[in-house]
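To start, the structure itself, in structure tokens.
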Amino acid sequence: MASETPLGLPIIDFSKPDLNQGTKEWDLVRAQVRNALEEYGCFEALFDNVPSDIRKSTIESIEELFDLPSQTKLQNVSKKPYHGYVGQYPMVPLYESMGFDDANVYEQVESLTNT
């Protein structure tokens, strides 16, 4: 008899008090984010007690990404389903998503805005 394991997204806790760049805790969470994005393409984030400046910075960075010109966003393509830029569909005019192949390679992501 086959055993069915329920599917679920990884849950990553960003509310740990020692979550500062350069710490072991930072490296652990960074690895969890990378693994979740590589395996699932997304994750559930816990933000209890996350300082407002970090939340604000994250939202501003996402807004900046999606405020790029459509021509720039459309250059982010991928052979993987739902990776690259997804948007500009008349049936769902308010939907956009962005997935990056090799998101852990700074130059790869930066090249999107330099082309």
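The values are calculated or read from the model by the stated rules, or taken from the named source; none is laboratory data. Small disclaimer: the values here were computed from a predicted structure and weren't measured. Every residue, glycine among them, receives a Cβ derived from its backbone with ideal geometry; neighbour counts consider all protein chains shown.
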Worksheet item: Within region 66-103, can you find the residues that are in contact with a Lys or Arg (Cβ under 8 Å, 6 or more places away or on another chain) and either more than 24 Å from Asn35 (Cα to Cα) or among the basic types (Lys, Arg) (or both)?
Response: Gly87
Practice prompt. List every residue pair whose Cβ atoms lie under 7 Å apart, where the two residues are 6 or more positions apart in sequence or sit on different chains, the first residue falls within region 69-85 and is assigned by the TED database to the domain that holds Gly99, and the second residue, located anywhere, is at pLDDT below 90 and charged (D, E, K, R).
Written response: Ser78/Asp101; Lys80/Asp101; His83/Asp101
Worksheet, complete the sentence: Of the conditions (1) assigned to a helix (DSSP H, G or I); (2) closer than 26 Å to Phe14 by Cβ; (3) in contact (Cβ under 8 Å) with a residue 12 or more places away in the chain, the single one that Glu110 does not satisfy is (3)
Item to complete: Give the residues of region 39-83 that are among the basic types (Lys, Arg) and touching a Phe, Trp or Tyr at 6+ places or on another chain (Cβ under 8 Å), sorted by residue number.
Response: Arg55, Lys73
Worksheet entry | Residue count for region 31-62, restricted to those that are of a type outside the set (A, V, I, L, M, F, W, C) and more than 15 Å from Asp102 (Cα to Cα) | 13
Discussion item. Conditions first: (1) over 18 Å from Val33 (Cα atoms); (2) exposed (fewer than 10 other Cβ atoms within 10 Å of the Cβ). Tyr106 passes all but one, so which condition is the exception?
Written reply: (1)
Item to complete: Under 9 Å between Cβ atoms, at least 6 apart or on separate chains: pull out the pairs that start in region 25-42 with a residue that is under 20 Å from His83 (Cα atoms) and in contact (Cβ under 8 Å) with a residue 24 or more places away in the chain and end on any residue that is surrounded by 13 or more Cβ atoms within 10 Å (Cβ to Cβ) and charged (D, E, K, R).
Response: none
